[in-house]
Amino acid sequence: MASDGKDIYQRFELQVRTPKKRAPLDAFLPAPDSLESSVAPQLPPPLPVPEMTPEEANMFRRREPEEDEPAGAPKPRAKKKAAPKKKVESKSLQDEIAEFMNRDETALAPDDDLSSLVDHALDPKPEPDKKN
């Protein structure tokens, strides 16, 4: 195949480096044959794999069930018992609202100290710096 001793990749590299139409700049460039190939030469083919012995071949063969062994039926899955349902007490809407309102009285109470924060936030004059 390769009459010049180059493999297919090296011949392809040489063909790519050689332009079909020569440009004036090509006169100053080295010849494509003189450049070192960036493609490594193809390695020799790997050594053949030794044949397997019959014992080794048996290790990889699928084991078939013997006639003496009974074909075990698959075991049925264990069924999970359903959890008992929780009994929900029915309350009236008024009872639920009363329970919600009495749950945490501090969360529903308005803050008393907001007035001082609002007064300082709306005051256009900043406080004078205190000097020691």
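Looking only at residues in the stretch 1-51 that are acidic (Asp, Glu) and part of a helix (DSSP H, G or I), the one that is modelled with the lowest pLDDT is Asp33. The residues of the stretch 62-78 that are modelled with pLDDT of 80 or more and either polar (S, T, N, Q) or open to solvent by 100 Å² or more (accessible area, probe 1.4 Å) (or both), listed by number, are Lys75, Pro76, Arg77.
Might you check whether a residue that is open to solvent by 100 Å² or more (accessible area, probe 1.4 Å), modelled with pLDDT under 85 and not in a helix (DSSP H, G or I) occurs anywhere in the stretch 98-110? Yes, that holds for at least one residue.
The values are calculated or read from the model by the stated rules, or taken from the named source; none is laboratory data. All values derive from a computational prediction rather than experimental measurement. Protein only, heavy atoms only, side chains kept; ligands, DNA and RNA dropped before computing areas. Shrake-Rupley method; radii C 1.70, N 1.55, O 1.52, S 1.80 Å.
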